[in-house]
1. Exactly one condition in (1) surrounded by fewer than 19 Cβ atoms within 10 Å (Cβ to Cβ); (2) touching a residue at least 40 places away in the same chain (Cβ under 8 Å); (3) not in a loop (DSSP other than H, G, I, E, B) is not met by GLU163; state its number.
2. Using the structure shown, decide if SER131 is within 28 Å of PRO118 (Cβ to Cβ), surrounded by 20 or more Cβ atoms within 10 Å (Cβ to Cβ) and in contact (Cβ under 8 Å) with a residue 40 or more places away in the chain.
3. Which condition number in (1) crowded, with 16+ Cβ neighbours inside 10 Å; (2) part of a strand (DSSP E or B) is the one that VAL19 fails?
4. Which one of the conditions (1) under 27 Å from TRP140 (Cα atoms); (2) in a loop (DSSP other than H, G, I, E, B) does ILE124 fail to meet, given that it meets all the rest?
5. Which condition number in (1) buried (at least 20 other Cβ atoms within 10 Å of the Cβ); (2) at pLDDT 95 or above is the one that THR11 fails?
6. Quick check on VAL169: is it more than 28 Å from GLU95 (Cα to Cα) and crowded, with 18+ Cβ neighbours inside 10 Å?
7. Please go through the range 136-160 and pick out each residue that is outside any helix (DSSP H, G or I) and in contact with a Pro (Cβ under 7 Å, 6 or more places away or on another chain).
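The values are calculated or read from the model by the stated rules, or taken from the named source; none is laboratory data. Predicted, not measured: the structure shown is a model, and the values here were computed from it. Backbone-built Cβ (ideal geometry, glycine too); neighbour counts: all protein chains shown.
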Amino acid sequence: MKPNAPVPPITVKVCETFVSLQGEGTHVGLPTFFVRLSGCNLSCSWCDTLYAREEGTPLTIEEILIRWREEGALPWVQITGGEPLLQEGVYPLMEAFLDEGASVLLETNGSVSLARVPRRVIKIMDLKCPSSGMTQQMRWENLAYLSSPDQVKFVIANRDDYEWARKVVEERYLFLYTQVLFSPAYGLLKPQELAEWILEDRLRVRFQIQLHKILWGEKRGV
């Protein structure tokens with residue numbers, strides 16, 4: 001009998017890894033190790049990470065873990081993109097970080113099923129507003145996989161986006177079972193305007209602004 005062939009290590013295509021302060025969401029301000037995977041299936045009009053659509057560098061899970069350890073093995077890890085769920089290797093990658101004791105956040109664009117994402121992973125899911133041009137790509141059934149630690153994010157570029165997002169939040173009672181974030185599209189909507197709309201409507205959402213762009217501008221997006 002021939003011996004079984006060795007199983008090749010699992011790889012993912014990586015755009016970049018880096019450490020920064022968490023710039024958005026309910027964990028804003030926390031030093032975090034970011035793994036940005038390459039590739040995206042959407043083309044949002046206001047996308048600020050177009051470079052993540054490029055081919056990327058194949059890395060094994062162990063190589064990524066080594067980078068994480070070399071950066072201090074921070075307790076918070078965020079896997080982002082592009083759209084990370086397009087790569088099959090993202091699932092063992094999330095499990096590997098969980099096994100190491102890290103708290104894992106997954107940023108996803110809402111167009112790919114969350115069914116296989118480990119429960120312990122904190123999911124940050126976009127719901128694309130009309131100005132993105134990608135609203136029709138959303139998988140609304142993903143809302144069933146969200147709970148109180150998870151987050152739904154709306155990037156809002158104008159009043160029409162706001163009205164659409166408000167209707168979704170209220171009709172689907174998102175605030176009852178998950179965190180709801182409203183963020184102004186950078187350079188397209190003044191943060192003060194969005195803040196005023198939320199206050200006027202007493203909307204049960206969390207206003208957020210991209211901390212990393214305040215600190216570092218376009219040079220260091222998260």
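1. Condition not satisfied by GLU163: (2).
2. Numbers: within 28 Å of PRO118 (Cβ to Cβ): no; surrounded by 20 or more Cβ atoms within 10 Å (Cβ to Cβ): yes; in contact (Cβ under 8 Å) with a residue 40 or more places away in the chain: yes.
No.
3. (1)
4. All conditions are met except number (2).
5. Failed condition: (1).
6. Details: more than 28 Å from GLU95 (Cα to Cα): yes; crowded, with 18+ Cβ neighbours inside 10 Å: yes.
Considered against the rule, which asks whether it is more than 28 Å from GLU95 (Cα to Cα) and crowded, with 18+ Cβ neighbours inside 10 Å, VAL169 comes out as yes.
7. ILE156
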